[in-house]
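Some notes on the structure that comes next.
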Amino acid sequence: MGDRISKRPRTAILIVVFITLLSIFSVAYNGLNTDFDFENFMPENEVSDATTEIQQTFASAYSVVLLVKDDGGDVITQDNFINILETEKAIYEDQNISQHLVDPTNPANSVISPVDIIATSILYSMDPTTMSMLNITPIPTYDNLIKVMQVTSTENLKIAVYGILNNPLTPDQLKAAIERFMTSDFNSTSMSPSAQGMMILYNFNKEDIGKDKNTTALQLELDMQTKIDNTGELAGIFVIGTALISNDINDAANESIMILFPIALAAIVIILILIYRDIGDTLVGLLGLVIAIVWMYGFGALLGYSFNPMTMIVPILILGLGIDYSIHLIMRYREERMGGKGIEKGVSNTIIFVGEALLLATITTMIAFLSNLTSPLQPISEFGVLAAVGIFSSFVAMILLIPGVKILRDRRKEAKGKISERYIKKKMNGYSMEGINSLSGQAAKRHPWGVVAVALIITIGLGIGATQVETTFDMNDFLPENMETSQNIRFFTNEFNNTGEATANVLIKGGVTDPEAVRSMEIAIENMADDENVLKTGGQPDVNSFLSVMYDWATNSSGEGFIDQRYNETFSLVYHQYFTVSNNTGFIKNDTTQDDVEMLVGWLFFNAPMDMVQVLMPNDDGYSALMDISITSQMSSDDTMALYNNLMDDTQSIRDMGLYAQVTGETIMTELIISDMDKSQMTSLITTLIASLIILTIVMYAFSRSFVLGAVSILPVVLCVVWMWGIMFIFGIPLNVMTLTIASLTVGMGVTYGIHITHRFVEEFKRNGDIDNAVNKAVGKTGVSLLGAALTTIVGFGIIGFSILPPLQQFGVITALAIGLSFIGAVFVLPAILVIWARTKQKNRA
C-alpha cells in the first residue's frame, strides 16, 4: 500500500474527495435526526415491551405539569389563587390548546388542580343569596370560580382549606389530590396552611399529539407557556413537559458544541504548530479531521442515527483521537527523511512501519467503541458505532491524504531546490520533548520491578474506590444547572414528596371479564395494601383500572362542597346486583357471570368511553387491561427493585388464572436501565479486552514470535481502567450514559498507545538486542508522537469539560484523565514490563 500511494498520490487524494462528496450528499438527502427522550433508552425486555404495548394500546393521556412557586414562600393566598385561575382560563379559552384535552368540554375531567378543587368547594358551600349577589351560578366555570376567590380573603381561604381536609365528609380522593399536589412543607392539619409551591396536571389526548406541526407536544407546551407569561406575574407558573425539557436539552447541547468545537479546534491547531512548527503540516492534519467528521455525519445520516447530546460530542472525539494519525504519520515521515530516505521511500517506510501500528490501533479502538453494541440502550449503541466510524474514517482519510499531500508538496519544493529544515537531523536537547521522554525511560531500564510494584500498589489503593462507583440515570441531568428549567425540575424533585405523578403499571391480557379473573385482580390489589411504596387512598391502594372505573360510576362520592359527576344512579343499581361494596372498594359476587360483567363494561364503553379506553381495550384474546398504581415518586434503587418484585408477587394471582400480567412503569424502567448500564459497561469492557488481547497476541506473535507480548501490551491498560474508576469515586463522579463509555475508550486508547510503544521497542530490540537502545527509541522517539497525540486529545476532551451540560462536563474531564492515565501507563509502566520481558528472553536464549 505504501508503494501504491507513493506512486499515485493524486489518486489517493481523489478517493478522499469522492467519499467526502458522497457523505455530503447523504447528509443533504437524508437530513439529520435529533430525537432524544426517555423512550430512546428503553432496552428490549418484557418490561419495556409491556410499556410499549401500553403506549400503543391505550388512549393514555399526554401529561404536562404546571409548577407554581411563590417568592414569598406561600402559594395559598387570594392573589395567587386568582392569578392561577385566570391562567387556567386563558389556557382553556385557547382553542389550539383546549381542543386537545382529554375532555375538551369539561376541564374538570382533564385538569387536576388543587386551586380548582378548593375554589369549587367554596362555591358549593355558598348559599343562594350570596351567589345571587355575586351574579354567579353553582356551576364551577372559571368565571364563577374567579368571582368566588375575589371575595375570599387569604385568611378565609386558609380556613376553607383546613375545613376541606379535616372534614370527614370530604371524599378521600379530593384530600389526596390536594395533599399530593402541594409541596412537602404543606401541613394539612394546620388551621393556617401554607405551601411554597403546588403542581397542576393537564391531561391531553395522546392520539392528537403530533398529527401536524401545530399539534406537536413541543408546540402545545410552548403555547401554554406563552399564555402563562401573558397572564399576570403574581405567582411564578412554569410548564414542565417532556417535549420542552427535551428541546431545552438539545438547544443547550447545540449551543455548547457550537462554542466548544471551535475552541477545541483552535487549541489543537496551537499544539500542532508547536509540535510540527510547520503551517502546511498543521493544515493538512486539520483537513483530514474535517473530512473524517463529514464521513461520520454522512454514515449516520444514511442509517438514520440520532445526533443528540450524546452523539454530538463525536466530532470533538474525532478531533482528539483522529489527530493522532496525523502526528504519527508526519513525525515518522520526518524521521525517515532525517535518516536520508527520499520522498517516495520515506512515505513508503512510514506507511509500512507506522501504518501497521496505526491499523492495529484503529482496529482495537474500533473494537472498544463497537463493544457498545452489546448495550441494550440504543443511544449508547449509536454513539459507539458513530465513534468507531469516525475513528476508521480518520485512519483512511489520514493514510491517503497526508502521504499524498506530503509527496506532492515535497516534490514541488525539491523541484525548486528547497529542502525543509524539518528533515535535517539535529542534536537532541536534554530539555526537548524527546529528552524528557527519554528520561522517563530511565526508571524502566534501571528499576523495572520497582516501577511495576509501585503501579500495583496504586492499583490496589484506587481499586477499593473503583468497586464503589455509583451508576445513575436521569434525562434531566443533561440540563445546564443554571437554566430556569433545571432549577424548576430540582425544585419539583426536592420539594414534592409524593407528587402522585409517579405510577407503576400492570398490563393484563386475556379474558379479564371472567369472574375468576376479576377475583384474581381484586386479590392482586388487596395484596398491594402492604407494599410500603404504594400510595393509599381511603385505606385502599390507589389503583386505577376498569374495576375502579366501575366502582366510581356506581358509588356516589358527593360531599360538602363536591358533586360527584361520575356517579350514575341507573348504573349503580345494576352494579350493586353483581358487586358488593366494602371498605371503599367493590368485590364481585359469587353468582355473577361473565355476561354480567360484560354488560357493565359495555354500558361504560357507551356512556363513559374516555374513562374506559384508558384502562380496557378489546383484543383477539379478549381484552388488554391496565392497572395504574400510584407510587412514591422518589425511591432508592433497592426500594424500586423491591417494589417491582413485590408487585410481581402481588399479581401472581392473575397469572395463576392463565392471564398475562407484567409490571412496568417509568420509575421501574429507569432502574432497569441503570442495571442494564452496569451490565453493558462490564460486557463492553470484557469484550474489548478479550478482542484486543486476541488481536494483539496474533499480531505480536507474527511480528516477534511471542505469545506473551499481547498480554504485556494490554496489562497497563487494565491498571488504567482501575485508576480511572478509583479517581471517579474519590471525586464523586457517577457512571452515567456518558461516562459509562469511558472504560472501553480507555482500553481503546491505552491499547493504541501500548501498540506504538511495544511495536517500536520490539522493532529496535530485534535489530541488535540492545534493550537500553530499544527503550530510548520507543520512549524517546515514538513517545514524542504519543505525547503530542495525548496532549491534543487531552485538550480536545478537556475543553468538553467546559460544556454547560453536566454529563458532558464529566465525560470531558474523565476522558481527558483517562487519556493521561493511558499515556502514563504506556510511557512509564509498559516499558518496565517490556524490559522484564526482553531480559527474560535474553536469559532464556543464553
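Computed quantities for the displayed model
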{"read-out": "Spatial separation of Cα centroids for the range 764-817 and the range 316-356, in angstrom", "value": "17 Å"}
{"read-out": "Percent accessible area from carbon and sulfur atoms, the chain, protein chains only, probe 1.4 Å", "value": "56 percent"}
{"read-out": "The chain: relative contact order as a whole-number percent, Cα under 8 Å and 6+ apart", "value": "19 percent"}
{"read-out": "Candidate aspartates and glutamates - alpha carbon under 16 Å from residue 413, same-chain residues fewer than 8 apart omitted", "value": "278, 281, 344, 421"}
{"read-out": "Rounded accessible area per residue of the chain, 1.4 Å, Å²", "value": "41 Å²"}
{"read-out": "Sequence ranges 15-24, 822-831, ranked by mean other-Cβ count within 10 angstrom, highest first", "value": "822-831, 15-24"}
{"read-out": "Under 15 Å from residue 777, Cα to Cα: aspartates and glutamates that are on another chain or at least 8 residues apart", "value": "335, 336, 434, 763, 764"}
{"read-out": "Cross-link table 227/536; 158/536; 147/536; 147/175, entries beyond 28 Å C-alpha to C-alpha", "value": "227/536; 147/536"}
{"read-out": "Packing-based order for 155-165, 590-600, using average beta carbon neighbours within 10 Å, highest first", "value": "155-165, 590-600"}
{"read-out": "Packing-based order for 25-33, 358-366, 620-628, using average beta carbon neighbours within 10 Å, highest first", "value": "358-366, 620-628, 25-33"}
{"read-out": "For the range 502-633, alpha-carbon Rg over 2.2 N^0.38 Å", "value": "1.02"}
{"read-out": "Kirkwood hydrodynamic radius over Cα pairs of the range 211-356, then Stokes diffusion coefficient at 20 °C and 1.002 mPa s, in µm²/s", "value": "111 µm²/s"}
{"read-out": "Helix-derived mean residue ellipticity, 222 nm - over the chain, DSSP H n ≥ 4, -39500 (n - 2.57), to 500", "value": "-21000 deg cm²/dmol"}
{"read-out": "The range 61-240 - Kirkwood radius from inverse mean 1/r over Cα pairs (Å)", "value": "16.8 Å"}
{"read-out": "Trypsin sites (Lys or Arg not before Pro) restricted to DSSP loop in the range 632-741 with at most 14 other C-beta within 10 Å", "value": "705"}
{"read-out": "Alpha carbon convex hull of the range 592-738, volume per residue in cubic angstrom", "value": "215 Å³"}
{"read-out": "Mean Kyte hydropathy of -1.0 or more with a Cα span along the axis of at least 30 Å, helices from DSSP in the chain", "value": "9-30, 242-276, 279-303, 314-338, 343-370, 378-415, 666-704, 708-730, 742-768"}
{"read-out": "Relative contact order [Cα under 8 Å, 6+ residues apart], the range 502-633, whole percent", "value": "45 percent"}
{"read-out": "Semi-axis lengths (Å, descending) of the ellipsoid that matches the C-alpha gyration tensor of the chain", "value": "66, 28, 24"}
{"read-out": "Unit charges on C-beta of K, R, D, E only; dipole of the chain, Debye", "value": "8760 debye"}
{"read-out": "Set 345/445; 206/679; 766/843; 7/416 screened for pairs whose C-alpha atoms are more than 23 Å apart", "value": "345/445; 206/679"}
{"read-out": "Sequence-separation-based contact order of the range 61-240, relative, with Cα cut under 8 Å and 6+ spacing, percent", "value": "45 percent"}
{"read-out": "Virtual paramagnetic centre 7 Å along Cα→Cβ of residue 599, amide N under 13 Å, in the range 539-582", "value": "571-579"}
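The values are calculated or read from the model by the stated rules, or taken from the named source; none is laboratory data. Treat the numbers as computed from the prediction; the structure is a model and nothing was measured. All Cβ positions, glycine included, derive from the backbone under ideal geometry; neighbour counts span all protein chains shown. Surface areas here come from the heavy atoms of the whole protein model, side chains and all, with no ligands, DNA or RNA. Shrake-Rupley method; radii C 1.70, N 1.55, O 1.52, S 1.80 Å.
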